[in-house]
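I have placed the structure first, in the form of structure tokens, so that the comments after it can refer back to it.
What follows is calculated from the coordinates using simple rules that are stated; it is not laboratory data. Predicted, not measured: the structure shown is a model, and the values here were computed from it. So basically every Cβ, Gly included, is an ideal-geometry build from the backbone, and we count neighbours across all protein chains shown.
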Amino acid sequence: MGRTVLEALIGWIGGLEDAPAENTAEALQVAAKLEAEPPESGDGDFDGLLEDAIAAARHTYEFSGPGYLAYIPGGGLFTAALAEFLAQGLNRFDGLWQPSPAVVQIEENVTRWMCSLFDFPAEASQGLLTTGGSLANLSAFVTARYAKLGEDFLDGIYYCTDQTHASNTKAATIAGFSRRNLRLVPTDRELRMEPDALRSMVREDRVAGRRPFLVIPAVGTTNTGAVDPVADIADVAETEGLWIHVDGAYGGFFQLTDRGRERFRGIERADSVTLDPHKGLFLPYGTGGLAVRDGAALRDAHYEGAAYLQDLPSTGALPNYNEYSPELSRDNRGFRVWFPLVLHGVAAFREALDEKLDLTERLHRALAADPNLDIGWDPQLTVVPFRLRGADETANRALLARINASKRVFLSSTMIRDEYWVRACIVSHRTHADRVDECAAIVREAAAGSAG
Ligand SMILES: Cc1ncc(COP(=O)(O)O)c(C=O)c1O
């Protein structure tokens, strides 16, 4: 069965280059055919099951293909999938260190490395692999709340912008806050948080008796890839005593590149940073990450002793992850990040991320040269938002439909300041210059058709 799965997957990956970028026309019929209850007695037909699973996966967007430029692509590194197969087959519990110290050590290699990317102190910092950026943002939010406000927190105020990813405000709601605790800081022309406005808002809240405690800049917003001025925000946060959580779920790993490091200047002053291997390290969906400067603060916010765990010591050379996160039982997430990092080396990831920055500039140049198109913003990372010049939302929706009908690329749209924009986001390790040039040609042709 293992060999059959492996062969099917190798065939699948080999076909990604030519696979349609989107294939959902019959997806609901396939879904209806697969609706079933589990049988009382198994029929042992493994090949049939595999066929159903592959059919289900075939009728989707092609998330792993080179043409997937929608939302934030999650590339799907095959070496990570192999490591994950191994990890699931071995089934080692690593929510606590004592039962499997060396397995935890492998995961620690990853989390320590993530903390070192931001020069967090090796002794004090702690990282965490989560299921995604949303959960990393939640743990960061809860940690900031606990560290800055203690048990009575309902007068706490946090600050972000209207470009901040919704997982942060969702985290606030889960953490017990309402919209009354949120302040949206204005953004500049480039959709970046305005530090002076942040300072005034914090002071106003303090005068009114409220307790400002957290600011959430993004290094790479989902809409446009805007990078908030972290150094200037850190100046405000430090004088005002705010926790700085940087949402780098999408952009964080660009810290590996010179351009990223330059653009994220000040990030080393953050208290916590979210950065997702299933975005910036091209892993399959299901691996997010959090780096926290003061690991003790992360633990204080999540620790809950339990009598039935008394045989498993809380302290030691390695962490009990359950004391740093909402989870107890969890999958071992270390192998799937560590294998690719060691097999390909950090330089391979740096080069791939650098290539994505170059490709974005290439696409931006090609689209900016088209008089039919309005390009909203110069790229700050790897998103290019654009729309038909002088056209309304309906025409732009039709433009996106025409582009996606090519089946060679798949793009998505968003609303920015109440206006409709199409966006292309280049993150997959399988996207190279040939597909980006093809994307530019498809967009320009679709725009010419729409404009004409
Ligand atoms: C900036 C940002 N933050 C958080 C998230 C949420 O991450 P996830 O989908 O892994 O939960 C995303 C997802 O695209 C994102 O772009």
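Kindly identify the range 234-280 as rounded, prolate or oblate by the Cα gyration tensor criterion: order the square roots of the eigenvalues as a ≥ b ≥ c, call it rounded if a/c is under 1.5, otherwise compare a/b with b/c, prolate if a/b is larger, else oblate.
Verdict is oblate for the range 234-280.
Taking the alpha carbon gyration tensor of the range 346-451, what are the square roots of 5 times its eigenvalues, largest first, to the nearest whole Å?
Each semi-axis is the square root of five times an eigenvalue, giving 24, 14, 12 Å.
Roughly how many Å is it from the Cα centre of the range 286-313 to that of the range 1-57, as a whole number?
The two parts, judged by their Cα centres, are 38 Å apart.
Using the Cα centre of the chain as the reference point, and only Cβ charges (+1 on K/R, -1 on D/E), how large is the resulting charge dipole? Debye, rounded to the nearest 20.
That gives a dipole near 880 debye.
Work out from phi, with θ = phi - 60° and the Karplus expression 6.51 cos²θ - 1.76 cosθ + 1.60, the ³J(HN,Hα) of each residue of the range 258-263, listed in order in whole Hz, and give x for Gly and Pro.
In residue order, the calculated couplings are 4, 5, x, 4, 5, 6 Hz.
With a ≥ b ≥ c the root eigenvalues of the C-alpha gyration tensor of the chain, is it rounded (a/c under 1.5), prolate (a/b larger than b/c) or oblate?
Taking the square roots of the gyration eigenvalues as a ≥ b ≥ c, the chain is oblate.
So if I take the centroid of the Cα atoms in the range 178-246 and the same for the range 355-431, what is the distance between those two points in Å?
Cα centroid to Cα centroid, the span is 28 Å.
From the helices alone, meaning DSSP H stretches of at least four residues, give me the mean residue ellipticity at 222 nm for the chain, per-run term -39500 (n - 2.57), in deg cm²/dmol to the nearest 500.
It lands at -13500 deg cm²/dmol.
Please rank S450, S272, fewest neighbouring Cβ atoms within 10 Å first, as an exposure proxy.
S450, S272
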